[in-house]
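Read the figures in this text as sums done on the coordinates, not as results from a lab. Note that the structure is predicted; figures quoted are calculated from it, not measured. Cβ placement follows ideal geometry from the backbone for every residue including glycine, while neighbour counts extend to all protein chains displayed.
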Amino acid sequence: MSGIVVIGAGQAAGQAAASLRQEGYEGEVTLLGDEAQAPYQRPPLSKAYLSGDIGMDRVLVRPENFYPDKNINLKTNTRVASIDRDNKSVTTESGETYEYEKLLIATGSSPRILNIPGSDLEGIHYLRTIDDVDGIRGAFEKAGKICIVGGGYIGLEVAAVAKKAGLDVTVVEAMDRILQRVTTPEMSDFYHNLHTGRGVNIMVNTGVDGFEGDGEVSAVLCGDTKVEADLVIVGIGIIPNVALAEAAGLECDNGIVVNDHCQTSDPDIYAAGDCTNHPNPIMDRRLRLESVPNAMGQARTACSNMLGGDKVYAEVPWFWSDQYELKLQMVGFSADGDSSVVRGDKDANQFAVFYLKEGKVVAVDAVNSPKEFMVCKQLYGKPADAAALADPETELKSLLG
Amino acid sequence: MPTVKFIEFNGTEHNVEANNGESIMVAATSNLIPGIDADCGGECSCATCHVLIDAEWRAKLEPSTDTEESMLDLNPDRTEDSRLSCQIIVSDAIEGIKINLPEFQY
């Protein structure tokens with residue numbers, strides 16, 4: 001058996017299966033995924049899937065029958081144990097070997113795990129897989145008090161869903177503000193006030209030392225403070241899954257190192273998605289992204305190149321987060337800016353913060369402002385007049401020149 | 001299972017059997033229709049599932065929301081036929097609908 005083997009069956013892998021067939025590839029395509037499900041979308045897991053607004057059918061990347069219909073060999077519950085580059089094959093933990101002409105590594109990332117006293121108690125959850133969320137959904141119905149460790153996007157999205165479900169919600173954040181790693185103090189303040197206004201208790205500058213409970217968790221221990229909780233969600237970041245690549249001797253450095261063609265240090269092996277460290281020619285630096293558009297885009301680029309193409313992956317990163325009725329859409333990295341300008345009305349929960357560097361637009365955080373989000377995608381890297389951006393009378397179209 | 005007819009900008013036609021209740025975007029991606037990337041998975045967040053639908057068929061659809069309009073508005077290539085296919089739900093009422101795929105999205 002030969003052809004193209006994909007390690008992983010997440011969004012990048014699902015997209016790769018589709019892209020390979022779309023590009024006319026008729027050889028064998030095998031997806032090896034360690035989860036039980038066909039490739040599914042992760043973003044809804046902490047949003048509409050957690051709340052129960054949508055079910056499994058709406059989160060699948062492609063319907064289940066897509067894979068047999070398109071002659072994709074999808075192996076679920078299959079963990080790869082090793083990559084043998086000399087023989088161009090991968091071996092699974094159950095001992096099956098798959099030979100490849102080209103290999104795509106799409107192993108994604110895993111939640112950072114807390115290893116502190118009590119972390120093995122029942123009722124402490126992470127949120128990465130659909131199985132994780134099914135467990136959390138079950139616990140939601142019984143829980144009264146939920147404590148979320150980590151005030152990042154995942155944690156805050158869960159806080160919003162939990163509050164709507166009627167739970168008593170506390171968010172514990174080790175840094176001096178929520179979203180510290182990913183946004184500016186201005187946006188942190190906005191989201192802090194949003195959540196506290198909805199009745200969420202946020203504790204910043206608060207590290208977690210351990211968990212208390214008798215079999216099941218009953219409290220989160222933070223120094224002298226004890227936060228009562230019968231359900232705990234830990235969302236303190238993710239780490240790229242590089243172990244297989246590293247063991248195979250591929251270059252890794254905060255992710256699997258790929259070139260602008262999504263190719264690793266082995267020319268027959270490509271990588272896509274959260275697990276990669278890739279160059280961004282638009283930003284002129286290397287990035288490791290935790291992002292769906294990046295997973296999809298890299299998968300497309302990698303597939304095209306595995307089939308003999310010459311495609312460069314060059315996209316401005318973008319992200320989104322849903323909390324309550326607010327949709328936050330982001331382009332670029334706000335930390336790149338040396339100044340910022342607000343357009344819209346924060347009190348009405350409809351505004352965008354544009355970030356400029358030396359007069360050029362480098363990022364936007366747009367709250368319920370899809371137009372501002374779209375304009376930033378087009379304005380990225382171009383000069384813009386701050387006063388014109390801020391003025392609601394300025395037609396955004398006029399800024400595009 | 002209504003039929004949806006996707007027509008590429010070069011005239012190539014794809015007739016697909018779509019399921020009631022799913023979006024036109026899902027019908028497209030499930031059938032490997034080219035030019036529909038749908039990066040956000042149907043969240044109306046990315047505008048990469050842009051399609052063109054003529055007035056006759058458009059009249060049979062629910063009108064676009066403000067969010068959809070905002071996502072489309074800044075695209076210099078948008079026309080009055082423009083819609084985001086993730087926002088259009090397949091039903092028997094649109095059996096045979098013709099969906100044109102814009103060249104700029106390839």
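Taking every DSSP beta bridge that has both residues in segment A:124-234, what percent is antiparallel when rounded to the nearest 5? Working shown, then result.
Values: 9 of 24 bridges.
Restricted to segment A:124-234, the bridges split so that about 40 percent are antiparallel.
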Debye calc, one equal point scatterer per Cα of segment A:325-399, no solvent, log10 I(q)/I(0) at q = 0.14 1/Å comes to -0.35
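Of all the C-alpha pairs in segment A:206-334, what % are more than 20 Å from each other?
Numbers: 4764 of 8256 pairs.
Of all Cα-Cα pairs in segment A:206-334, 58 percent lie more than 20 Å apart.
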Calc'd 3J(HN,Hα), segment A:380-390, phi into Karplus 6.51 cos²θ - 1.76 cosθ + 1.60 (θ = phi - 60°), Hz, glycine/Pro = x, comes to 3, x, 9, x, 8, 7, 4, 5, 5, 4, 6
Per residue convex hull volume, Cα only, segment A:124-234, in Å³ is 94
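Need one number: % antiparallel among DSSP beta bridges in the protein assembly as shown, to the nearest 5. Before the final figure, lay out the partial values.
Numbers: 61 of 98 bridges.
Rounded to the nearest five, the antiparallel share is 60 percent.
What number, rounded to the nearest 500 deg cm²/dmol, is the helix-based mean residue ellipticity at 222 nm of chain A, given -39500 (n - 2.57) per DSSP H run of at least four residues and division by all its residues? Before the final figure, lay out the partial values.
Values: 12 runs with 101 residues, N = 401.
It comes out at -7000 deg cm²/dmol, rounded to the nearest 500.
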The lysines whose Cα lies under 19 Å from the Cα of A:K397, excluding any fewer than 8 residues away in the same chain, are A:K360, A:K371, A:K377, A:K382
Quick note, chain B: a/c under 1.5 would make it rounded; otherwise a/b > b/c is prolate and the rest oblate (a ≥ b ≥ c, C-alpha gyration tensor); here it is rounded
The simple spin-label model distance between B:E103 and A:D53, using points 7 Å out along Cα→Cβ, in nm, is 3.9
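Can you pull out the GluC sites (Glu not before Pro) in segment A:1-102 whose DSSP state is coil and whose Cβ has at most 15 other Cβ atoms within 10 Å? Each step should come with its number before you reach the end.
Numbers: sites: A:E23, A:E26, A:E28, A:E35, A:E64, A:E93, A:E96, A:E99, A:E101; in loops: A:E23, A:E26, A:E28, A:E35, A:E64, A:E93, A:E96, A:E101.
Here the GluC sites (Glu not before Pro) that fit, given the DSSP loop and packing criteria, are A:E26, A:E64, A:E93, A:E96, A:E101.
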Scattering profile of the protein assembly as shown from the Debye formula, Cα beads only, expressed as log10 I(q)/I(0) at q = 0.11 Å⁻¹, is -1.02
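Sorting A:M283, B:M25 on the 10 Å Cβ count, fewest up front, what's the list? Kindly include the intermediate steps, with their values, before the conclusion.
Details: A:M283 18, B:M25 24.
Lowest to highest Cβ neighbour count: A:M283, B:M25.
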Looks like segment A:49-103, by Cα gyration tensor root eigenvalues a ≥ b ≥ c and the a/c under 1.5 rounded cutoff (else prolate when a/b is bigger than b/c, oblate otherwise), is prolate
